[in-house]
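Single-structure report; data block below.
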Amino acid sequence: MNNNAIISKIKELKEIKPSQEWLFSFREQLADQAEIKQKTGFFSVFEALSFQFKPAYAVLGVLVVILGGPVALAKMAKSSLPGDVLFPVKLAAEQFQLNITMDQATKTQLEANIFSERVNELSSVLASSNVTADQSRVEKAANEVQKQLVSAKAQLNVADKNIDTVAVARTVGKQAATAQKVLRASLSAKNSTTGVSEKITEVSEIADKTEMKALEILVNNADKTDSKDIAANIGDKIDKTSQTLKTYEEKVADKSVSDKVAINASLILDQSQKALDEAKVSLDKDDLNGALDQYKVSQALAEGVANIVGSASSTPVVK
Amino acid sequence: MKIADKKNLLDAYDKYAEHIYRFAYLKIGSQENAQDLTSEAFLRCLKYLEEGKEVDNFRAFLYQVMRNLIVDFYRQNGRISSVPIEDINEVDSAVSLEKPIAQNIDIENALKRLKDDHQEVIILYYLEGLPIAEMSVILSKNEGAVRVSIHRALNALKEVLK
(Lines give C-alpha, C1' and ligand atoms only; values in the text may rest on other atoms or scores of the structure.)
Protein backbone atom coordinates (compact mmCIF):
# COMPACT_ATOMS: atom_id res chain seq x y z
CA MET A 1 0.00 0.00 0.00
CA ASN A 2 1.52 3.37 -0.96
CA ASN A 3 1.62 6.45 1.27
CA ASN A 4 -1.26 8.20 -0.48
CA ALA A 5 -3.53 5.20 0.00
CA ILE A 6 -2.65 5.02 3.71
CA ILE A 7 -3.20 8.75 4.20
CA SER A 8 -6.54 8.42 2.44
CA LYS A 9 -7.52 5.63 4.85
CA ILE A 10 -6.45 7.74 7.82
CA LYS A 11 -8.66 10.61 6.66
CA GLU A 12 -11.67 8.27 6.61
CA LEU A 13 -11.43 8.28 10.39
CA LYS A 14 -12.91 11.78 10.31
CA GLU A 15 -16.22 9.97 10.33
CA ILE A 16 -15.64 9.21 14.01
CA LYS A 17 -17.77 11.71 15.88
CA PRO A 18 -19.30 11.98 19.33
CA SER A 19 -23.06 11.63 19.74
CA GLN A 20 -24.85 14.87 18.91
CA GLU A 21 -26.93 14.55 22.08
CA TRP A 22 -23.83 14.46 24.25
CA LEU A 23 -22.25 17.32 22.27
CA PHE A 24 -25.23 19.63 22.81
CA SER A 25 -25.97 18.50 26.35
CA PHE A 26 -22.41 19.04 27.56
CA ARG A 27 -22.21 22.42 25.83
CA GLU A 28 -25.21 23.49 27.87
CA GLN A 29 -23.54 22.29 31.05
CA LEU A 30 -20.28 24.03 30.19
CA ALA A 31 -22.10 27.29 29.51
CA ASP A 32 -24.03 26.92 32.79
CA GLN A 33 -20.88 26.17 34.75
CA ALA A 34 -19.09 29.15 33.25
CA GLU A 35 -22.05 31.35 34.17
CA ILE A 36 -22.05 30.01 37.74
CA LYS A 37 -18.28 30.36 38.10
CA GLN A 38 -18.63 34.03 37.27
CA LYS A 39 -21.12 34.34 40.07
CA THR A 40 -18.90 33.74 43.12
CA GLY A 41 -18.32 35.79 46.21
CA PHE A 42 -20.65 38.21 47.93
CA PHE A 43 -21.26 40.37 44.87
CA SER A 44 -22.06 37.33 42.81
CA VAL A 45 -24.93 36.44 45.15
CA PHE A 46 -26.32 39.90 44.34
CA GLU A 47 -25.78 39.33 40.63
CA ALA A 48 -27.42 35.90 40.72
CA LEU A 49 -30.54 37.43 42.26
CA SER A 50 -30.61 40.36 39.87
CA PHE A 51 -30.33 37.92 36.95
CA GLN A 52 -33.60 36.39 38.11
CA PHE A 53 -35.51 39.52 38.98
CA LYS A 54 -34.17 42.02 36.40
CA PRO A 55 -35.64 45.01 38.28
CA ALA A 56 -33.82 48.32 38.83
CA TYR A 57 -30.64 47.72 40.80
CA ALA A 58 -31.64 50.40 43.29
CA VAL A 59 -34.76 48.43 44.23
CA LEU A 60 -32.71 45.26 44.44
CA GLY A 61 -30.11 46.98 46.59
CA VAL A 62 -32.85 47.93 49.05
CA LEU A 63 -34.12 44.37 49.05
CA VAL A 64 -30.66 43.02 49.89
CA VAL A 65 -30.28 45.52 52.75
CA ILE A 66 -33.75 44.65 54.15
CA LEU A 67 -32.98 40.96 54.00
CA GLY A 68 -29.72 41.47 55.88
CA GLY A 69 -27.16 41.43 53.10
CA PRO A 70 -25.95 38.80 50.63
CA VAL A 71 -24.94 36.32 53.39
CA ALA A 72 -28.46 36.32 54.84
CA LEU A 73 -29.81 35.99 51.33
CA ALA A 74 -27.66 32.94 50.71
CA LYS A 75 -29.03 31.41 53.96
CA MET A 76 -32.59 31.98 52.81
CA ALA A 77 -31.74 30.38 49.47
CA LYS A 78 -30.56 27.18 51.17
CA SER A 79 -34.01 25.55 51.12
CA SER A 80 -34.82 26.64 47.57
CA LEU A 81 -35.55 24.11 44.82
CA PRO A 82 -34.82 24.15 41.06
CA GLY A 83 -37.17 26.64 39.45
CA ASP A 84 -37.34 28.86 42.58
CA VAL A 85 -36.20 32.48 42.32
CA LEU A 86 -33.45 32.00 44.90
CA PHE A 87 -32.12 28.71 43.46
CA PRO A 88 -29.30 30.38 41.42
CA VAL A 89 -28.27 32.10 44.67
CA LYS A 90 -28.01 28.67 46.33
CA LEU A 91 -25.84 27.37 43.46
CA ALA A 92 -23.64 30.49 43.58
CA ALA A 93 -23.15 30.09 47.35
CA GLU A 94 -22.18 26.41 46.91
CA GLN A 95 -19.71 27.27 44.15
CA PHE A 96 -18.21 30.04 46.31
CA GLN A 97 -17.76 27.55 49.14
CA LEU A 98 -16.00 25.11 46.80
CA ASN A 99 -13.72 27.82 45.43
CA ILE A 100 -12.52 28.92 48.86
CA THR A 101 -11.91 25.36 50.10
CA MET A 102 -8.23 24.49 49.73
CA ASP A 103 -8.06 21.09 51.43
CA GLN A 104 -8.75 18.40 48.80
CA ALA A 105 -10.41 15.94 51.20
CA THR A 106 -12.82 18.65 52.41
CA LYS A 107 -13.47 19.69 48.81
CA THR A 108 -14.30 16.11 47.84
CA GLN A 109 -16.73 15.86 50.76
CA LEU A 110 -18.33 19.18 49.77
CA GLU A 111 -18.81 17.92 46.22
CA ALA A 112 -20.41 14.76 47.60
CA ASN A 113 -22.76 16.89 49.74
CA ILE A 114 -23.71 19.00 46.71
CA PHE A 115 -24.47 15.83 44.74
CA SER A 116 -26.71 14.58 47.60
CA GLU A 117 -28.43 17.94 47.74
CA ARG A 118 -29.31 17.78 44.02
CA VAL A 119 -30.80 14.30 44.48
CA ASN A 120 -32.76 15.46 47.57
CA GLU A 121 -34.09 18.42 45.57
CA LEU A 122 -35.27 16.09 42.81
CA SER A 123 -36.92 13.89 45.42
CA SER A 124 -38.68 16.93 46.99
CA VAL A 125 -39.89 18.20 43.64
CA LEU A 126 -41.25 14.75 42.73
CA ALA A 127 -42.98 14.42 46.12
CA SER A 128 -44.66 17.79 45.68
CA SER A 129 -48.44 17.73 45.27
CA ASN A 130 -48.16 19.94 42.17
CA VAL A 131 -45.75 17.64 40.37
CA THR A 132 -48.15 16.84 37.53
CA ALA A 133 -48.78 20.53 36.88
CA ASP A 134 -45.17 21.64 37.23
CA GLN A 135 -43.24 19.42 34.83
CA SER A 136 -40.67 22.09 33.96
CA ARG A 137 -39.54 22.11 37.59
CA VAL A 138 -39.08 18.32 37.46
CA GLU A 139 -37.05 18.68 34.28
CA LYS A 140 -34.85 21.39 35.85
CA ALA A 141 -34.23 19.23 38.92
CA ALA A 142 -33.37 16.24 36.70
CA ASN A 143 -30.96 18.46 34.71
CA GLU A 144 -29.16 19.47 37.91
CA VAL A 145 -28.75 15.81 38.92
CA GLN A 146 -27.47 15.06 35.40
CA LYS A 147 -24.78 17.75 35.70
CA GLN A 148 -23.56 16.23 38.96
CA LEU A 149 -23.50 12.72 37.50
CA VAL A 150 -21.55 13.82 34.40
CA SER A 151 -19.04 15.68 36.57
CA ALA A 152 -18.66 12.75 39.01
CA LYS A 153 -18.22 10.24 36.18
CA ALA A 154 -15.57 12.43 34.50
CA GLN A 155 -13.67 12.59 37.82
CA LEU A 156 -13.65 8.81 38.13
CA ASN A 157 -11.76 8.57 34.83
CA VAL A 158 -8.91 10.76 35.99
CA ALA A 159 -6.20 9.59 38.38
CA ASP A 160 -5.14 12.36 40.75
CA LYS A 161 -2.55 11.66 43.42
CA ASN A 162 -4.34 14.15 45.71
CA ILE A 163 -7.60 12.21 45.61
CA ASP A 164 -8.40 8.85 47.17
CA THR A 165 -10.03 7.44 44.03
CA VAL A 166 -11.36 4.34 45.79
CA ALA A 167 -13.11 6.47 48.44
CA VAL A 168 -14.51 8.76 45.72
CA ALA A 169 -15.69 5.72 43.74
CA ARG A 170 -17.44 4.35 46.83
CA THR A 171 -19.23 7.64 47.50
CA VAL A 172 -20.10 8.34 43.87
CA GLY A 173 -21.37 4.76 43.42
CA LYS A 174 -23.75 5.09 46.40
CA GLN A 175 -24.99 8.48 45.26
CA ALA A 176 -25.55 7.28 41.71
CA ALA A 177 -27.50 4.30 43.08
CA THR A 178 -29.65 6.64 45.23
CA ALA A 179 -30.24 8.92 42.25
CA GLN A 180 -31.36 5.90 40.20
CA LYS A 181 -33.85 4.83 42.88
CA VAL A 182 -35.40 8.31 42.95
CA LEU A 183 -35.54 8.48 39.16
CA ARG A 184 -37.02 4.98 38.77
CA ALA A 185 -39.65 5.75 41.39
CA SER A 186 -40.68 8.84 39.46
CA LEU A 187 -41.06 6.86 36.21
CA SER A 188 -43.05 4.14 37.98
CA ALA A 189 -45.42 6.76 39.41
CA LYS A 190 -46.42 7.57 35.79
CA ASN A 191 -47.35 11.16 36.55
CA SER A 192 -44.90 12.68 34.09
CA THR A 193 -45.41 13.99 30.57
CA THR A 194 -43.61 12.14 27.76
CA GLY A 195 -40.92 14.83 27.47
CA VAL A 196 -40.09 14.71 31.17
CA SER A 197 -40.19 10.88 31.19
CA GLU A 198 -37.60 10.87 28.40
CA LYS A 199 -35.43 13.27 30.38
CA ILE A 200 -35.69 11.16 33.52
CA THR A 201 -34.89 8.00 31.53
CA GLU A 202 -31.83 9.75 30.06
CA VAL A 203 -30.60 10.80 33.52
CA SER A 204 -31.33 7.31 34.88
CA GLU A 205 -29.06 5.84 32.17
CA ILE A 206 -26.28 8.25 33.11
CA ALA A 207 -26.73 7.31 36.79
CA ASP A 208 -26.47 3.64 35.86
CA LYS A 209 -23.27 4.20 33.84
CA THR A 210 -21.77 6.30 36.66
CA GLU A 211 -22.56 3.58 39.18
CA MET A 212 -20.99 0.96 36.89
CA LYS A 213 -17.84 3.08 36.46
CA ALA A 214 -17.53 3.41 40.23
CA LEU A 215 -18.05 -0.35 40.64
CA GLU A 216 -15.32 -1.10 38.08
CA ILE A 217 -12.87 1.01 40.07
CA LEU A 218 -13.83 -0.75 43.29
CA VAL A 219 -13.45 -4.21 41.69
CA ASN A 220 -10.04 -3.22 40.25
CA ASN A 221 -9.01 -2.12 43.74
CA ALA A 222 -10.69 -4.95 45.65
CA ASP A 223 -7.57 -5.36 47.76
CA LYS A 224 -8.03 -1.82 49.14
CA THR A 225 -11.68 -2.11 50.00
CA ASP A 226 -14.30 -4.45 51.48
CA SER A 227 -14.86 -7.13 48.81
CA LYS A 228 -18.02 -8.39 50.57
CA ASP A 229 -19.67 -5.01 49.94
CA ILE A 230 -18.68 -5.12 46.30
CA ALA A 231 -19.90 -8.71 45.94
CA ALA A 232 -23.23 -7.76 47.54
CA ASN A 233 -23.51 -4.80 45.16
CA ILE A 234 -22.87 -6.97 42.10
CA GLY A 235 -25.30 -9.57 43.48
CA ASP A 236 -28.01 -6.89 43.75
CA LYS A 237 -27.45 -5.78 40.21
CA ILE A 238 -27.63 -9.37 38.95
CA ASP A 239 -30.95 -9.87 40.78
CA LYS A 240 -32.41 -6.65 39.36
CA THR A 241 -31.36 -7.55 35.83
CA SER A 242 -32.84 -11.01 36.31
CA GLN A 243 -36.21 -9.41 37.14
CA THR A 244 -35.88 -7.04 34.22
CA LEU A 245 -35.28 -9.96 31.86
CA LYS A 246 -38.49 -11.62 33.14
CA THR A 247 -40.39 -8.40 32.39
CA TYR A 248 -38.97 -8.37 28.88
CA GLU A 249 -39.95 -12.02 28.42
CA GLU A 250 -43.55 -11.09 29.20
CA LYS A 251 -43.47 -8.15 26.80
CA VAL A 252 -41.98 -10.29 24.05
CA ALA A 253 -44.69 -12.91 24.60
CA ASP A 254 -47.36 -10.23 24.12
CA LYS A 255 -49.58 -10.94 21.12
CA SER A 256 -49.19 -7.39 19.83
CA VAL A 257 -45.48 -7.99 19.14
CA SER A 258 -44.77 -9.33 15.65
CA ASP A 259 -43.25 -12.81 15.24
CA LYS A 260 -40.04 -11.47 13.69
CA VAL A 261 -39.48 -9.02 16.56
CA ALA A 262 -40.34 -11.72 19.13
CA ILE A 263 -37.84 -14.19 17.64
CA ASN A 264 -35.03 -11.63 17.53
CA ALA A 265 -35.74 -10.43 21.04
CA SER A 266 -35.99 -13.99 22.39
CA LEU A 267 -32.61 -14.94 20.93
CA ILE A 268 -30.93 -11.94 22.55
CA LEU A 269 -32.83 -12.54 25.81
CA ASP A 270 -31.46 -16.09 25.96
CA GLN A 271 -27.90 -14.83 25.49
CA SER A 272 -28.43 -12.20 28.15
CA GLN A 273 -29.76 -14.78 30.61
CA LYS A 274 -26.81 -17.07 29.87
CA ALA A 275 -24.34 -14.27 30.59
CA LEU A 276 -26.20 -13.47 33.82
CA ASP A 277 -26.01 -17.13 34.90
CA GLU A 278 -22.26 -17.07 34.25
CA ALA A 279 -22.00 -13.88 36.32
CA LYS A 280 -23.67 -15.68 39.24
CA VAL A 281 -21.25 -18.60 38.94
CA SER A 282 -18.27 -16.20 38.94
CA LEU A 283 -19.67 -14.39 41.97
CA ASP A 284 -20.01 -17.68 43.85
CA LYS A 285 -16.34 -18.36 43.10
CA ASP A 286 -15.39 -14.87 44.45
CA ASP A 287 -14.26 -13.89 40.94
CA LEU A 288 -15.48 -10.27 41.11
CA ASN A 289 -13.85 -9.25 37.83
CA GLY A 290 -15.41 -12.19 35.99
CA ALA A 291 -18.82 -11.53 37.59
CA LEU A 292 -18.74 -7.85 36.63
CA ASP A 293 -17.62 -8.59 33.05
CA GLN A 294 -20.41 -11.13 32.51
CA TYR A 295 -22.92 -8.82 34.16
CA LYS A 296 -21.93 -6.05 31.74
CA VAL A 297 -22.34 -8.41 28.78
CA SER A 298 -25.79 -9.39 30.07
CA GLN A 299 -26.74 -5.76 30.62
CA ALA A 300 -25.59 -4.73 27.12
CA LEU A 301 -27.67 -7.55 25.59
CA ALA A 302 -30.65 -6.60 27.78
CA GLU A 303 -30.36 -3.04 26.42
CA GLY A 304 -30.63 -4.50 22.93
CA VAL A 305 -33.85 -6.25 23.94
CA ALA A 306 -35.08 -3.03 25.58
CA ASN A 307 -34.60 -1.16 22.31
CA ILE A 308 -36.48 -3.84 20.36
CA VAL A 309 -39.28 -4.00 22.93
CA GLY A 310 -39.31 -0.22 23.35
CA SER A 311 -39.82 0.39 19.65
CA ALA A 312 -42.63 -2.17 19.67
CA SER A 313 -44.41 -0.17 22.36
CA SER A 314 -44.38 3.53 23.30
CA THR A 315 -43.65 3.16 27.03
CA PRO A 316 -40.19 4.42 28.15
CA VAL A 317 -38.15 1.42 29.27
CA VAL A 318 -36.83 1.48 32.84
CA LYS A 319 -33.56 -0.33 33.62
CA MET B 1 -13.43 35.05 34.70
CA LYS B 2 -14.04 37.64 31.99
CA ILE B 3 -17.08 37.39 29.74
CA ALA B 4 -14.73 37.36 26.74
CA ASP B 5 -13.02 34.24 28.17
CA LYS B 6 -16.36 32.52 28.55
CA LYS B 7 -17.25 33.31 24.96
CA ASN B 8 -13.82 32.14 23.75
CA LEU B 9 -14.20 28.87 25.65
CA LEU B 10 -17.60 28.17 24.12
CA ASP B 11 -16.27 29.11 20.66
CA ALA B 12 -13.39 26.68 21.26
CA TYR B 13 -15.91 24.02 22.25
CA ASP B 14 -17.89 24.52 19.04
CA LYS B 15 -14.73 24.34 16.94
CA TYR B 16 -12.70 21.68 18.67
CA ALA B 17 -14.88 19.36 20.81
CA GLU B 18 -15.33 16.88 17.98
CA HIS B 19 -11.59 16.86 17.19
CA ILE B 20 -10.55 16.45 20.83
CA TYR B 21 -13.13 13.66 21.21
CA ARG B 22 -11.80 11.89 18.12
CA PHE B 23 -8.24 12.05 19.45
CA ALA B 24 -9.38 10.51 22.73
CA TYR B 25 -11.51 7.86 21.01
CA LEU B 26 -8.67 6.69 18.78
CA LYS B 27 -6.36 6.47 21.78
CA ILE B 28 -8.64 4.72 24.27
CA GLY B 29 -11.17 2.97 22.02
CA SER B 30 -14.39 3.72 23.89
CA GLN B 31 -17.02 6.29 22.92
CA GLU B 32 -18.26 6.72 26.47
CA ASN B 33 -14.83 7.15 28.02
CA ALA B 34 -13.76 9.47 25.20
CA GLN B 35 -16.82 11.65 25.89
CA ASP B 36 -16.01 11.67 29.61
CA LEU B 37 -12.41 12.67 29.01
CA THR B 38 -13.43 15.35 26.52
CA SER B 39 -15.83 16.77 29.12
CA GLU B 40 -13.05 16.76 31.67
CA ALA B 41 -10.63 18.49 29.26
CA PHE B 42 -13.05 21.39 28.76
CA LEU B 43 -13.84 21.57 32.47
CA ARG B 44 -10.13 21.82 33.22
CA CYS B 45 -9.80 24.58 30.65
CA LEU B 46 -12.66 26.40 32.37
CA LYS B 47 -10.94 26.03 35.73
CA TYR B 48 -7.69 27.36 34.25
CA LEU B 49 -9.47 30.45 32.94
CA GLU B 50 -11.34 30.89 36.20
CA GLU B 51 -7.98 31.06 38.00
CA GLY B 52 -7.26 34.19 35.94
CA LYS B 53 -4.79 32.54 33.57
CA GLU B 54 -4.82 33.13 29.81
CA VAL B 55 -5.02 30.66 26.97
CA ASP B 56 -3.43 31.88 23.72
CA ASN B 57 -4.19 28.81 21.65
CA PHE B 58 -7.23 26.85 22.82
CA ARG B 59 -6.68 23.97 20.41
CA ALA B 60 -3.09 23.33 21.50
CA PHE B 61 -4.07 23.74 25.16
CA LEU B 62 -6.93 21.25 24.87
CA TYR B 63 -4.79 18.64 23.12
CA GLN B 64 -2.13 19.03 25.82
CA VAL B 65 -4.73 18.57 28.56
CA MET B 66 -6.22 15.58 26.75
CA ARG B 67 -2.80 13.91 26.41
CA ASN B 68 -2.33 14.21 30.16
CA LEU B 69 -5.83 12.90 30.85
CA ILE B 70 -5.18 9.87 28.64
CA VAL B 71 -1.96 9.09 30.54
CA ASP B 72 -3.98 9.19 33.78
CA PHE B 73 -6.66 7.04 32.19
CA TYR B 74 -4.15 4.38 31.15
CA ARG B 75 -2.64 4.45 34.62
CA GLN B 76 -6.02 3.81 36.16
CA ASN B 77 -7.59 1.48 33.63
CA GLY B 78 -4.75 -0.05 31.66
CA ARG B 79 -4.45 0.20 27.90
CA ILE B 80 -7.55 -0.98 26.09
CA SER B 81 -6.97 -2.67 22.76
CA SER B 82 -10.45 -3.89 21.81
CA VAL B 83 -13.80 -2.26 21.12
CA PRO B 84 -15.82 -2.35 24.38
CA ILE B 85 -19.19 -4.03 24.21
CA GLU B 86 -21.15 -0.83 24.92
CA ASP B 87 -19.74 0.60 21.69
CA ILE B 88 -20.67 -2.35 19.48
CA ASN B 89 -24.22 -1.05 19.02
CA GLU B 90 -22.86 2.41 18.31
CA VAL B 91 -20.37 1.49 15.59
CA ASP B 92 -22.96 2.53 12.98
CA SER B 93 -23.22 6.04 14.38
CA ALA B 94 -19.45 6.54 14.49
CA VAL B 95 -18.61 5.04 11.12
CA SER B 96 -19.96 6.03 7.71
CA LEU B 97 -22.26 3.47 6.15
CA GLU B 98 -20.84 4.40 2.75
CA LYS B 99 -17.59 2.60 3.52
CA PRO B 100 -17.38 -1.04 4.53
CA ILE B 101 -17.07 -1.17 8.32
CA ALA B 102 -14.16 -3.64 8.10
CA GLN B 103 -11.97 -1.03 6.34
CA ASN B 104 -12.38 1.59 9.06
CA ILE B 105 -11.91 -0.92 11.87
CA ASP B 106 -8.72 -2.10 10.09
CA ILE B 107 -7.09 1.34 10.16
CA GLU B 108 -8.32 1.96 13.71
CA ASN B 109 -6.84 -1.33 14.92
CA ALA B 110 -3.64 -0.67 13.00
CA LEU B 111 -3.29 2.69 14.75
CA LYS B 112 -3.75 1.05 18.14
CA ARG B 113 -0.82 -1.24 17.43
CA LEU B 114 1.55 1.72 17.04
CA LYS B 115 3.56 3.28 19.85
CA ASP B 116 1.84 6.21 21.59
CA ASP B 117 3.96 8.92 20.02
CA HIS B 118 3.53 7.44 16.51
CA GLN B 119 -0.25 7.22 17.04
CA GLU B 120 -0.38 10.83 18.14
CA VAL B 121 1.56 12.31 15.23
CA ILE B 122 -0.50 10.32 12.73
CA ILE B 123 -3.73 11.57 14.29
CA LEU B 124 -2.62 15.18 14.71
CA TYR B 125 -0.87 15.59 11.34
CA TYR B 126 -2.73 13.45 8.84
CA LEU B 127 -6.18 13.26 10.40
CA GLU B 128 -6.58 16.60 12.15
CA GLY B 129 -4.29 18.55 9.79
CA LEU B 130 -2.38 20.43 12.49
CA PRO B 131 0.66 22.46 11.44
CA ILE B 132 4.02 21.20 12.65
CA ALA B 133 4.62 24.34 14.70
CA GLU B 134 1.49 23.70 16.73
CA MET B 135 2.27 19.99 17.05
CA SER B 136 5.68 20.84 18.49
CA VAL B 137 3.94 22.82 21.28
CA ILE B 138 1.45 20.03 21.98
CA LEU B 139 4.05 17.27 21.96
CA SER B 140 6.80 19.33 23.63
CA LYS B 141 9.26 18.48 20.86
CA ASN B 142 11.15 20.71 18.45
CA GLU B 143 9.83 20.94 14.90
CA GLY B 144 12.62 18.83 13.48
CA ALA B 145 11.84 16.02 15.91
CA VAL B 146 8.16 16.23 14.98
CA ARG B 147 8.98 15.87 11.26
CA VAL B 148 11.12 12.82 11.94
CA SER B 149 8.34 11.32 14.10
CA ILE B 150 5.79 11.82 11.31
CA HIS B 151 8.00 10.06 8.80
CA ARG B 152 8.71 7.14 11.16
CA ALA B 153 5.08 6.86 12.23
CA LEU B 154 3.84 6.55 8.66
CA ASN B 155 6.41 3.83 7.95
CA ALA B 156 5.40 2.00 11.11
CA LEU B 157 1.74 2.17 10.09
CA LYS B 158 2.61 0.85 6.63
CA GLU B 159 4.33 -2.12 8.23
CA VAL B 160 1.32 -2.91 10.42
CA LEU B 161 -1.08 -2.68 7.47
CA LYS B 162 0.94 -5.18 5.35
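The values are calculated or read from the model by the stated rules, or taken from the named source; none is laboratory data. What you see is a predicted model; the values in this text were computed from it and never measured. Every residue, glycine among them, receives a Cβ derived from its backbone with ideal geometry; neighbour counts consider all protein chains shown. Heavy atoms of the whole protein, side chains included, go into the accessibility calculation; ligands, DNA and RNA do not. Shrake-Rupley method; radii C 1.70, N 1.55, O 1.52, S 1.80 Å.
Observations, loosely collected:
- Going by accessible surface with a 1.4 Å probe and the largest first, A:M212, A:M102, A:M76 read A:M102, A:M76, A:M212.
- The 1.4 Å probe gives accessible areas that order B:E134, B:E54, largest first, as B:E54, B:E134.
- Exercise: per-residue mean of other protein chain Cβ atoms within 10 Å, A:1-14: 6
- With a 1.4 Å probe rolled over the protein heavy atoms of all chains, the accessible area of A:V182, A:V305 falls in the order A:V182, A:V305, largest first.
- Above-threshold pairs, the threshold being 22 Å between Cα atoms, out of A:K224/A:K285; A:K11/B:K158; A:K181/A:K237; A:K174/A:K240; A:K181/A:K224; A:K107/A:K153: A:K181/A:K224
- Cβ crowding within 10 Å averaged over residues, with A:238-248, A:293-303 ranked highest first: A:293-303, A:238-248
- Across A:K213/A:K260; A:K9/B:K115; A:K90/A:K199, pairs whose alpha-carbon gap is larger than 27 Å: A:K213/A:K260
- Inter-chain shielding of B:38-45 (mean C-beta neighbours from other protein chains, 10 Å cut-off): 5
- Mean-position separation - Cα centroids, the stretch B:4-63 and the stretch A:277-297, in angstrom: 37
- Solvent-accessible area of B:F23, all protein chains in place: 0 Å² (probe radius 1.4 Å, heavy atoms, ligands and nucleic acids excluded).
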